[in-house]
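The values are calculated or read from the model by the stated rules, or taken from the named source; none is laboratory data. Bear in mind the structure is a predicted one, so any value in this text is a computation, not a measurement. Here the Cβ is made from the backbone with ideal geometry for all residues, glycine too, and neighbour counts use every protein chain on show. What goes into the accessible areas is simple: the full protein's heavy atoms, side chains included, and nothing from ligands, DNA or RNA. Shrake-Rupley method; radii C 1.70, N 1.55, O 1.52, S 1.80 Å.
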Amino acid sequence: MMEKMIFGRFLPGDSPVHKLDPRSKLIFVFAFIIIVFLANNTVTYAMLLAFTLLIVLVSRIRLYFLINGLKPVLFLMAFTFLLHIFMTKEGVPVFESKFITIYDEGIRRGIFISIRFLVLVFMTSILTLTTSPISITDGIEVLLNPLKAIKVPVHELALMMSISLRFIPTLMDETDKIMKAQMARGSDLSSGPIKDRIKAVVPLLVPLFVSAFKRAEDLATAMEVRGYRGGEGRTRYRRLKWDMGDTFAIVLLVAIGVLLFFYRS
Amino acid sequence: MDIKLQQVSYAYAQGTPFEKRALFDVDFDIPSHTYQAIIGHTGSGKSTILQHFNALLRPTSGEVHIGDRLIVAGKKAKDLKAVRQKVGIVFQFPEHQLFEETVLKDIMFGPMNFGISEEEAEARARELVSLVGLPDNVLDKSPFDLSGGQMRRVAIAGVLAMDPEVIVLDEPTAGLDPRGQKEIMDMFYQLHQERHLTTILVTHSMEDAARYADNIVIMHEGKNVLNGSPRVIFKDVATLKEFRLEPPRIVRFQQKIEHMMGHSLSKVCLTEEELATEIAQALREERAES
Ligand SMILES: Nc1ncnc2c1ncn2[C@@H]1O[C@H](COP(=O)(O)OP(=O)(O)OP(=O)(O)O)[C@@H](O)[C@H]1O
Ligand SMILES: [Mg+2]
């Protein structure tokens, strides 16, 4: 049941994108999200799309995974697409009836906004698909390090994040197990009136919380007995290494940013 | 209620790149009132099979007959409540399924889901706590205040309270103290006989399989590779080794004795009592010969 979830999963591999330092990938994706908003005409959107597809190719990720990542936002995408089509009142009418008139400008904007969604989802999916959760957390911790100066508990936040990431699959397995156990006892989550279904959530949630708290307690104890006492003076086992490829990625991004800026109208 | 598996295959996460095939053409029958043991190395697919016995999983190909219900690949089965009531499953570490405020309510949860009246469910719960070896006063306690072993017993009572015809046990005694293990296994065996149940036991304990089962199926890498009575299965030590299993201690001990005596006993013994009788018999024969 839960095993069909694909979004946010890491696919080990050895493409050039996989080999990049998580810091460069994080900076890249973050900056890309901003750059996307520079595009405002056909040329710039085409450039964005081509650039994204190029990255997809280099990352050697099967399209299947990217399309799957699109599923959660598909509704939003369709909704904004239609909104633009029906609400835009500029350009030449291409379709007219008693109720609505559709203009070519509306279609254009609808397509643009869809491309914007597509490239954003693809790029962020590529980040999570090619970078292990642990290295993402490491990257974030290092990048946010300057914030320590203003007393942001960066290390603790990163630790919290990596622990939650570590336990997501465990919790999903557990949910599946408990769900089956309760179904075997006649509880029914998937049919019947809404009221009954909501009631059927309790036998699922209570054991889940109990075990999550127990796990948290065990983990805390295990960390303490092994001498964990916060991030102060703690060295790293996994070293991050910035090399040529990372610099190249950033240069590439700056280049596309400049191009977009140059060609936007 | 007979259970028949015909060419059952199952793959987790089917249709995604994470697809993991767990069962390959599994094929065997469990006639009514049999005590069936399923043994196999870890990861051999035992727990996956169990979930087919009450349609929690639907085969990706093949057929499962549960009494007169037929579960086939590709067709969504409706109204599985009747099946789930008749086939009770005690999962691995069932104590994780407890959730109610009191032990009593938790035991009543199953039967009430199947439309049993509150009075009847409560009566069953009161009867079952003592059967699973708990004092009456636990009924009003929170299940989370009990020890692990006690929680296990409550969870078992919760499944028994559904009054199933077939009871499926997935390593029910894993992690219990030796005495508790024997108590629980004996309790299941007694129920099996008194209530004419069909019992399906998944276990890593060859001793339990030898002692209680009428029939044993051995699973190996998602296939059922051997099927037979304990005496037949445990005789062939070489084949067992192939499937990374060892015969029960008692059988190994018998082999040592046979080695010392220089000839075999008349049958493979499954319990200590049996072996003692056999040895006595052999000694008597030896004396008669000399
Ligand atoms: N939810 C799941 N998703 C994907 N694969 C699974 C899942 N559950 C089990 N498997 C895989 O299916 C195979 C059979 O698992 P199963 O749990 O049936 O083994 P088992 O014989 O019960 O083992 P054990 O003795 O350790 O309980 C294993 O290879 C396991 O990795
Ligand atoms: Mg198992």
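Residues of the stretch A:175-223 that bury at least 50 Å² of accessible area when the other protein chains are present, relative to the chain alone (probe 1.4 Å, heavy atoms, ligands and nucleic acids excluded): A:Lys180, A:Met183, A:Ala184, A:Arg185, A:Gly186.
Contact order normalised by length for the stretch A:167-225, with contacts defined as Cα pairs under 8 Å and 6 or more residues apart; what percent is it?
After rounding, I find 34 percent.
Once the 1.4 Å probe is applied to the protein heavy atoms, the protein assembly as shown comes out at 54 Å² accessible per residue. For the stretch B:208-244, backbone nitrogen atoms closer than 20 Å to the point 7 Å from B:Phe253 Cα along Cα-to-C-beta are found at B:208-213, B:230-237.
When Rg and the Kirkwood radius Rh are both evaluated on Cα atoms of the stretch B:159-259, their ratio Rg/Rh stands at 0.99. Pairing chain A with chain B buries about 2100 Å² of accessible area. This figure sums both sides and uses a 1.4 Å probe.
Based on the alpha carbons, how large is the Rg to Rh ratio for the stretch A:174-216 when Rh follows Kirkwood?
1.02
In this structure, the amide hydrogen of B:Ile89, modeled 1.01 Å from its nitrogen in the peptide plane, lies closer than 5 angstrom to those of B:Val168, counting only residues at least 5 positions away or on a different chain. Here the Gaussian network model covers chain A, with springs between Cα atoms less than 10 Å apart; of A:Ile140, A:Ile85, A:Ile27, A:Ile85 fluctuates the most. The calculated FRET efficiency for B:Asp29 paired with B:Glu289, based on their beta-carbon distance and R0 = 56 Å, is about 0.80. Using 1/(1 + (r/R0)^6) with R0 = 30 angstrom and r between the beta carbons of A:Lys148 and A:Ile67, what's the FRET efficiency to the nearest 0.05? Efficiency for this residue pair is about 0.15. Model label sites at B:Ser147 and A:Ser97, defined 7 Å from Cα along the beta-carbon direction, differ in position by 7.4 nm. Pairing the Cα long axis of helix B:148-160 with the longest principal axis of chain B, what angle in degrees results, from 0 to 90 and rounded to the nearest 10? Compared with the principal axis, the helix lies near 70 degrees.
Start at zero, step by 10 Å, and the Cα-Cα distances of chain B spread as 6, 25, 30, 23, 11, 4, 1, 0 percent across the bins. For chain A, averaging the sequence separation of C-alpha pairs within contact (under 8 Å, six or more residues apart) and dividing by the residue count gives a relative contact order of 31 percent.
In straight-distance terms, cross-link reach from B:Lys256 covers every one of the lysines whose alpha-carbon lies under 27 Å from its own, apart from those fewer than eight places away in the same chain; here that gives B:Lys182, B:Lys235, B:Lys241, B:Lys267. For chain A, lysine pairs separated by 8 or more sequence positions, or belonging to different chains, with Cα-Cα distances below 28 Å total 26.
Express in % the proportion of alpha carbon pairs of chain A at distances exceeding 25 Å.
On the way: 21617 of 34980 pairs.
Counting every Cα pair in chain A, those more than 25 Å apart make up 62 percent.
Just by accessible area at a 1.4 angstrom probe, what is the order of A:Thr137, A:Thr247 from largest to smallest? List each step's numbers first, then the result.
Numbers: A:Thr137 5, A:Thr247 65 Å².
Output order, biggest surface exposure first: A:Thr247, A:Thr137.
Backbone geometry of the stretch B:96-111 corresponds, through the Karplus equation with coefficients 6.51, -1.76 and 1.60 at θ = phi - 60°, to 3J(HN,Hα) couplings of 6, 9, 6, 8, 6, 5, 10, 4, 4, 4, 5, 5, 6, 4, x, x Hz, x marking Gly and Pro. Normalised by the number of residues in chain B, the average gap of Cα pairs under 8 Å and 6 or more apart makes the relative contact order 21 percent.
Each 10 Å bin from zero up to the one holding the largest Cα-Cα distance in the stretch A:20-146 carries the following percent of pairs: 12, 34, 30, 16, 6, 2.
Projected label points at B:Glu194 and B:Arg231, each 7 Å from Cα along the beta carbon direction, are separated by 2.9 nanometres.
Please find, in a Gaussian network model of chain A (springs between Cα atoms separated by less than 10 Å), the residue of A:Phe75, A:Phe95, A:Phe86 whose mean-square fluctuation is greatest. Top of the fluctuation ranking is A:Phe95. Counting only Cα atoms, the size of the stretch B:1-151 along its three principal axes is 48, 31, 30 Å, in decreasing order.
Can you divide the C-alpha Rg of the stretch A:137-233 by 2.2 N^0.38 Å and report the result to two decimal places? Please list the in-between numbers first.
Working: Rg = 19.0 Å, N = 97, 2.2 N^0.38 = 12.5 Å.
Computed over Cα atoms of the stretch A:137-233, the ratio equals 1.52.
Amide hydrogen proximity for B:Ser61: with H placed 1.01 Å from N in the peptide plane, the residues at 5 or more positions away or on another chain lying under 5 Å are B:Ser9. Helix B:178-194 and the long axis of chain B differ in direction by around 80°, with both axes built from C-alpha atoms.
For the stretch A:39-49, the Karplus equation 6.51 cos²θ - 1.76 cosθ + 1.60, evaluated at θ = phi - 60°, returns couplings of 5, 8, 9, 4, 4, 5, 5, 4, 5, 4, 5 Hz by residue, with Gly and Pro reported as x. Once you sort the root eigenvalues of the Cα gyration tensor of the stretch B:248-290 as a ≥ b ≥ c, which label holds: rounded (a/c under 1.5), prolate (a/b larger than b/c) or oblate (the other case)? It comes out oblate by the Cα gyration axes.
Which value in Å is the Kirkwood Rh of the protein assembly as shown over different Cα pairs? Walk me through the numbers before you get to the answer.
Numbers: mean 1/r = 0.0350 Å⁻¹.
Roughly 28.6 Å, rounded to one decimal.
Between B:Asp140 and B:Glu118, the contour length at 0.36 nm per residue exceeds the alpha carbon distance by 6.3 nm. Convex hull volume of the C-alpha atoms in the stretch A:29-78, normalised per residue: 101 Å³.
Exposure check, 1.4 Å probe, all protein chains in place: B:Lys235 carries approximately 140 Å² of accessible surface. A Förster distance of 56 Å, applied to the separation of the beta-carbon atoms of B:Lys4 and A:Glu90, puts the FRET efficiency at 0.25. Before rounding to the nearest 500, sum -39500 (n - 2.57) across all DSSP H runs of length at least 4 in the protein assembly as shown and divide by the residue total; then give [θ] at 222 nm in deg cm²/dmol. Computed ellipticity for the protein assembly as shown at 222 nm equals -17000 deg cm²/dmol. Couplings 3J(HN,Hα) of the stretch A:118-131, computed from phi: 4, 5, 5, 5, 4, 5, 5, 4, 4, 4, 6, 6, 9, 10 Hz, in residue order, whole Hz [Karplus 6.51 cos²θ - 1.76 cosθ + 1.60, θ = phi - 60°; x for Gly and Pro]. Which residue, A:Glu105, A:Glu217, A:Glu141, tops the fluctuation ranking in a GNM of chain A built on C-alpha contacts under 10 Å? The residue that fluctuates most here is A:Glu217.
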